[in-house]
Structure formats: C-alpha cells, structure tokens
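> Have a look at this one.
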Amino acid sequence: MTRVLGRSLVAGLAAVLVAATLLAAPTHAQARSRGTDVVSRAVSFPVANLNRTLSLCLPDGETYTVRARLVGPRSEVLGADADRINVLVHDGATGGWFWNLRQHPAYDYAGSLARQGETSLVIDRLGYDRSPLPRGTSTCLGADAAMLHQIVQHLRSGNYEFADPGNGTTPAAQHVVVHGHGLGASIAQVEEAHYRDVEGLVLMSWTDTGHSPLAVDLASRQSATCLQGAGYARFAPTAATFRNGMFATAPRGVQRTAAGLANADPCGDVLSLATNLVASRLAAAQVTPPVLLLYGGKDAYTRDGAPARQAASYLSAESVTTHVTKGTGSALPLEASAPATRTRVLRWLRGLN
C-alpha cells in the first residue's frame, strides 16, 4: 500500500480516470439489475419427438409444437439478442404456470427474475397445457430431454417465432442456463450430460436416489393407471394430495390456484420413469457446468440426507452449490420463502458472468 501511495502524480491521475470510467460505465451485473421494464410474449418451437439420450424409451418420432413464454426486460425480449436466457422446465403434474404464476405476482418466479434484469423462457412441456399431445403414450422422458436440446439450439440461433408476428424477430441467446424443478431437473440433467450446450443448471427438489415412500407410492399408483391403458394419469389423484405433497408454507391462495392448475401426466412419461432414473443418475456424473441445488427441508417427496448425496454425484461439474431451506416444501418458487430462493438464484447467476 505504501508503494502505491508513493507513485508519481501522473500515475495517480491515471488511476482516478480509470476509476471514474468504471463508475460511469456500470458492470454487466449492475446493468442487468436495472432492467425493470418487463414484457411477456408467447413463442413457439417446432420440435421432433425423438430420443437419442441415455434415458431409453420410444417416442413416436413426429414433429410437434412446444409453446412457451419469453419473460424479461423489453430490451432483450424484443431485441435481436439476449445476453442470457434462463430456460425453466417444470415437473410432472404442474406446467409452465409453476414458474410464471401471474395470478400471484409475489410468487411469479419468471416475472420477479425479469424485474432484476433476467430473461426467462417458460416452457409447457409436450403434453401439458399450451403444448397439447393427442396421445399421452406418444412421448417419454428421454424425448423431453432431446426436445429441450432442440429448444436450446433454437434459442441460440434465434430460429423460433413469436405467436404474434407483429412482435418482430425473436432474440438469440448468447448464454443459456436451465432451471428445472422435480422431473424437470432430471430432464435438464440428462440433456446437459448428453448434449453439453448450456452454461449452468439450477436444479430444485430433485434426487436421483432419495425419493420418499410417499413419492414411490404415488408413482406406483400412477404407473398402474397407465398400464391399464390410460393416455394420461395424475401423480396426485386429489387436490388435497397435490397440496400436501408440494407445499409446507405457501399461502392458501397460492395453494388453491396451483391445485386448480395441476395437470395429469402423459403416460409415456410415466412409464419411462424407471429407465429415466437410471439415466439421470449416470448423467449426474457427466454434468460439467456449475450446478446450483436447492431443496426444501420439509419436502414430502425427498428423504433426509438426499441433498448431500445428490451433490456428491456431480463428479465432473465445475462447481456444486447446495442449499436446503428449513421448513420449506417441494414447490420452492411458490413457498413463503420464495423471495429468498430467488435472491439465492440471482446471486448464483451473477456469479456466472
């Protein structure tokens, strides 16, 4: 420090000028945090329902449309480029609404991230809500991972469409981070291990080997329904079962809204769960980018000790950050602790820059 203070006046003036320049030009993270003019636009992606991943299953190979919403600062959603797009992949039984619950703005994960400068793509996976699939047995979880890869590639090239052509040209993403909840996290993990095309994974409420007896029982009952010839089947057969499994602290209004929006799952996904669990466990060891693992301490679908075991399975990841929120259930973005979850995610994302 003494040597720095003793430098020439010219060097000191140069340092002042550099500091002034840095203050005048905000850092990338600071610039992103100021993006408060939020817009939301419907988009669509043509996808081939194929599977070449570790998750062995047989989809029908047809082309379908996966629909989604871009939510973010106006300058990125309606611009030519977006620095980073966060792809949000939902669990079974839910849908894109899980990440973008506009009926309850304080629990709108995508909208809240957008107000902090982050752009998100909120997907309805094939067979859910705005991405209909006539026969639920026509797809499977391996195909979900392959379709996610196609969506990531479309995002990088900008080769996808606004539902309203009047919105102009869709933005191309320079970087992509995938956020997954439950089975959505497993799909994201399998996709990254096979295709290696994303810069980070935010994985919520997922375990490859630590499922609770409740989760196993509900999955077994759902599989039995599908084996009887159903095209779609519910993981949680009643609204009360859904709420008890997903929530520990969410406001009653949020729970009611979510239970009313809950979906039946395509039976092709349900019947490929066993092979997907094997593939997901193998994929974890092959994941290379940074991983953020988030859990609720009162997740009814996860055994005690599962977070630590899951973290230890990422043998090749650049880094693994794990956090368990005490007293919180599975649906982290919709629980009372949602603001803290978002803050933790934002801090981690900005560490990637």
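The values are calculated or read from the model by the stated rules, or taken from the named source; none is laboratory data. Here the structure is a predicted model, which is why all the values come from computation and not from measurement. Virtual Cβ from ideal backbone geometry, glycine too; neighbours counted across all protein chains shown.
> Residues of the range 85-112 being farther than 14 Å from ARG69 by Cα and either touching a Gly at 6+ places or on another chain (Cβ under 9 Å) or of a type in the set (A, V, I, L, M, F, W, C) (or both), which ones? I'd like the intermediate steps shown before the answer.
Pass one, the range 85-112, residues farther than 14 Å from ARG69 by Cα: 91-94, 103-107, 112.
Matches in the range 85-112: ASP91, GLY92, ALA93, THR94, GLN103, HIS104, PRO105, ALA106.
> Right, something else. When you scan the range 184-200, do you find a residue that is surrounded by fewer than 19 Cβ atoms within 10 Å (Cβ to Cβ), part of a strand (DSSP E or B) and among the aromatic types (Phe, Trp, Tyr), even just one? Can you show your working first?
Restricting attention to the range 184-200, the residues satisfying the condition of being surrounded by fewer than 19 Cβ atoms within 10 Å (Cβ to Cβ) are 195-197, 199.
Subsequent filtering for residues that are part of a strand (DSSP E or B) retains none.
Looking for residues that are surrounded by fewer than 19 Cβ atoms within 10 Å (Cβ to Cβ), part of a strand (DSSP E or B) and among the aromatic types (Phe, Trp, Tyr), one finds none in the range 184-200, hence no.
> Output the number of residues of the range 259-277 satisfying the condition of being surrounded by 24 or more Cβ atoms within 10 Å (Cβ to Cβ) and either modelled with pLDDT under 95 or in a helix (DSSP H, G or I) (or both).
Number satisfying all stated conditions: 5.
> Among ALA42, ALA106, ALA48, ALA110, which is the only one that is crowded, with 19+ Cβ neighbours inside 10 Å and among the small types (Gly, Ala, Ser)?
Details: ALA42 fails: crowded, with 19+ Cβ neighbours inside 10 Å; ALA106 fails: crowded, with 19+ Cβ neighbours inside 10 Å; ALA48 fails: crowded, with 19+ Cβ neighbours inside 10 Å.
That would be ALA110, the only listed residue that is crowded, with 19+ Cβ neighbours inside 10 Å and among the small types (Gly, Ala, Ser).
> If you scan the range 166-180, which residues turn out to be farther than 19 Å from ARG84 by Cβ and either of a type in the set (S, T, N, Q) or not in a loop (DSSP other than H, G, I, E, B) (or both)? Let's see the steps before the verdict.
Going residue by residue through the range 166-180, those that are farther than 19 Å from ARG84 by Cβ are 166-168.
The answer is GLY166, ASN167.
> Same structure again: Listed residues ARG256, ARG243; which is surrounded by fewer than 21 Cβ atoms within 10 Å (Cβ to Cβ), part of a helix (DSSP H, G or I), in contact with a helix residue (DSSP H, G or I) (Cβ under 6 Å, 6 or more places away or on another chain) and without any contact (Cβ under 8 Å) to a residue 60 or more places away in the chain? Full working, then the answer.
Details: ARG256 fails: in contact with a helix residue (DSSP H, G or I) (Cβ under 6 Å, 6 or more places away or on another chain).
Criteria check complete, one pass: ARG243.
> For the range 62-83, how many residues meet the condition of being in a loop (DSSP other than H, G, I, E, B) and surrounded by fewer than 16 Cβ atoms within 10 Å (Cβ to Cβ)?
The number of residues fulfilling the criteria is 2.
> Can I ask one more? Assuming GLY136 fulfils every condition listed in (1) buried (at least 23 other Cβ atoms within 10 Å of the Cβ); (2) closer than 17 Å to ASN263 by Cα apart from one, which condition is it?
It fails just one condition, (1).
> In the range 106-147, what residues are assigned to a strand (DSSP E or B) and without any contact (Cβ under 8 Å) to a residue 60 or more places away in the chain?
Just the residues of the range 106-147 that are assigned to a strand (DSSP E or B), to begin with: 119-123, 128, 131.
THR119, SER120, VAL122, ILE123 - these are the residues of the range 106-147 that are assigned to a strand (DSSP E or B) and without any contact (Cβ under 8 Å) to a residue 60 or more places away in the chain.
> Follow-up. Could you list, in sequence order, the residues of the range 278-305 that are part of a helix (DSSP H, G or I), hydrophobic (A, V, I, L, M, F, W, C) and surrounded by 19 or more Cβ atoms within 10 Å (Cβ to Cβ)? Steps first, answer last, please.
Step one: filter the range 278-305 for residues part of a helix (DSSP H, G or I), giving 278-284.
Okay, now just the ones that are also hydrophobic (A, V, I, L, M, F, W, C), so 278-279, 282-284.
Matches in the range 278-305: ALA279, ALA283, ALA284.
> Scan (1) more than 26 Å from ALA193 (Cα to Cα); (2) buried (at least 19 other Cβ atoms within 10 Å of the Cβ); (3) within 16 Å of the chain's Cα centre (by Cα) for the single condition SER337 breaks and write down its number.
With respect to (1) more than 26 Å from ALA193 (Cα to Cα); (2) buried (at least 19 other Cβ atoms within 10 Å of the Cβ); (3) within 16 Å of the chain's Cα centre (by Cα), SER337 is out only on (3).
> Out of all the residues in the range 148-164, which are assigned to a helix (DSSP H, G or I) and either aromatic (Phe, Trp, Tyr) or over 14 Å from the mean Cα position of the chain (by Cα) (or both)? Spell out the reasoning first.
Initial filter on the range 148-164 (assigned to a helix (DSSP H, G or I)): 148-157.
Residues satisfying the conditions are GLN150, GLN153, HIS154, LEU155, ARG156, SER157.
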